[in-house]
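Peer 1: Mind looking over this structure? Questions follow.
The values are calculated or read from the model by the stated rules, or taken from the named source; none is laboratory data. Everything numeric here is computed off the predicted structure, so don't read it as measured data. FYI the Cβ positions are ideal-geometry reconstructions off the backbone, even for glycines, and counts take in every protein chain you see.
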């Protein structure tokens, strides 16, 4: 399953997405980077999730981003342009 999510995240890099994790949290943002363990997203509408259940911080490279473990992702959907 993680390999499938990894390939989806690579396909949607640079696009606005809606990600739901196993613990029920919903993350909306733009996929900035993907590696085999994490996907890094820049939140839409500002850093609302800062200090929460994050897995990493790459603020010095991409602006405010945070990482989500690929194994924690349950669903991934592309957001239409009017959600930006």
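Peer 1: Scan region 18-31 and report the pairs whose first residue is within 10 Å of residue 72 (Cα to Cα) and whose second residue is not in a strand (DSSP E or B), with Cβ atoms within less than 6 Å and a gap of 6+ or a chain change.
Peer 2: Going by the 6 Å Cβ cut-off, the qualifying pairs are 21/72; 22/72.
Peer 1: Among the residues of region 13-38, which ones are crowded, with 18+ Cβ neighbours inside 10 Å and under 20 Å from residue 80 (Cβ atoms)?
Peer 2: Selection gives 16, 17, 19, 27, 28, 29, 30, 31, 32.
Peer 1: Ok, one more. Please go through (1) surrounded by 13 or more Cβ atoms within 10 Å (Cβ to Cβ); (2) modelled with pLDDT under 90 for residue 63 and return the number of the only condition it doesn't satisfy.
Peer 2: Single failed check for residue 63: (1).
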